[in-house]
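A quick write-up on the structure given underneath.
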Amino acid sequence: ALIVLLSVVSNIFVLKQISLLGLNATAADAYTIGAVIGLNLMQEYYGKPAAYQIIRITISMMVFYTIISQIHLWYAPTTFDTAHDHYAALLYATPRITIASLSVYWIAQTVDYYLFSLLKHHYNKIHIAIRSALCTSISQAVDTILFSLFGLYGMVNNISQIIIISYVIKLTSILFSNSILGFSSWCIARKSYFLPPFNASEPQ
């Protein structure tokens, strides 16, 4: 549920532009990293079928959000309404952002999914935090470049700064998130009830 929520809200918050160290940036990168870290945790402790199922659920919920956001805009506001213009400004770009996000999400998560699986299979002795950081760094480089070009080009100021600062933010978030991964392995090693059952059939 948290992975899905982070993926959806990142598409809502991405249009907000902020200044960071004098460079233009968006305010949604940490949410994207949270979703990726969550996916890696699921794959580490529940296997490939669970991670693949979560990717499909996330994509379905992002499509659902896009549809209901546009239906929401179709309702004609009354003369007393003061919120419609704000909703319109926030949601007008949702279809473009979602299409770009879904396409790039699928590419980036697939890269992360197979790279993490490869490292786990061949280098399982390497700590999960290191494996996850390496996979996430590569997949988020792909995500940042493609999404900035397809989803934000023409809507934000200075796309090159957006790409650079977004990736730096993501790398910083990945560094700090390693402590979460390290803590998770510590918990799993000591308490089996940290892993509730999760049923996921093999993907077709």
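Using a simple spin-label model with pseudo-atoms 7 Å out from Cα toward Cβ, ILE99 and SER160 lie 2.8 nm apart. Sequentially through segment 19-28, phi angles give Karplus couplings (6.51, -1.76, 1.60; θ = phi - 60°) of 9, 10, 6, x, 10, 7, 8, 9, 10, 10 Hz, Gly and Pro residues having no value and appearing as x.
Of the solvent-accessible surface of segment 1-112, computed with a 1.4 Å probe over protein heavy atoms with every protein chain present, carbon and sulfur atoms account for 71 percent. Counting only Cβ charges, +1 for Lys and Arg and -1 for Asp and Glu, the dipole size of segment 78-160 around its Cα centre is about 500 debye.
Of the listed residues HIS121, HIS84, HIS72, the order by accessible area with a 1.4 Å probe, largest first, is HIS121, HIS72, HIS84. Here the relative contact order of segment 16-116, from alpha carbon pairs under 8 Å that lie six or more residues apart, stands at 23 percent.
The modelled label-to-label distance for the pair HIS122/ASP85, using points 7 Å beyond Cα in the direction of Cβ, is 5.8 nm.
Solvent-accessible surface of segment 1-120, taken per residue with a 1.4 Å probe and all protein chains present: 51 Å².
Positive-end ranking of VAL8, HIS122, ALA35 along the dipole of segment 1-125, with charges on Cβ about the Cα centre, is headed by HIS122.
The values are calculated or read from the model by the stated rules, or taken from the named source; none is laboratory data. Note that this is a predicted model, so its numbers are computed, not measured. Backbone-built Cβ (ideal geometry, glycine too); neighbour counts: all protein chains shown. With ligands, DNA and RNA removed, areas are computed over all heavy atoms of the protein, side chains included. Shrake-Rupley method; radii C 1.70, N 1.55, O 1.52, S 1.80 Å.
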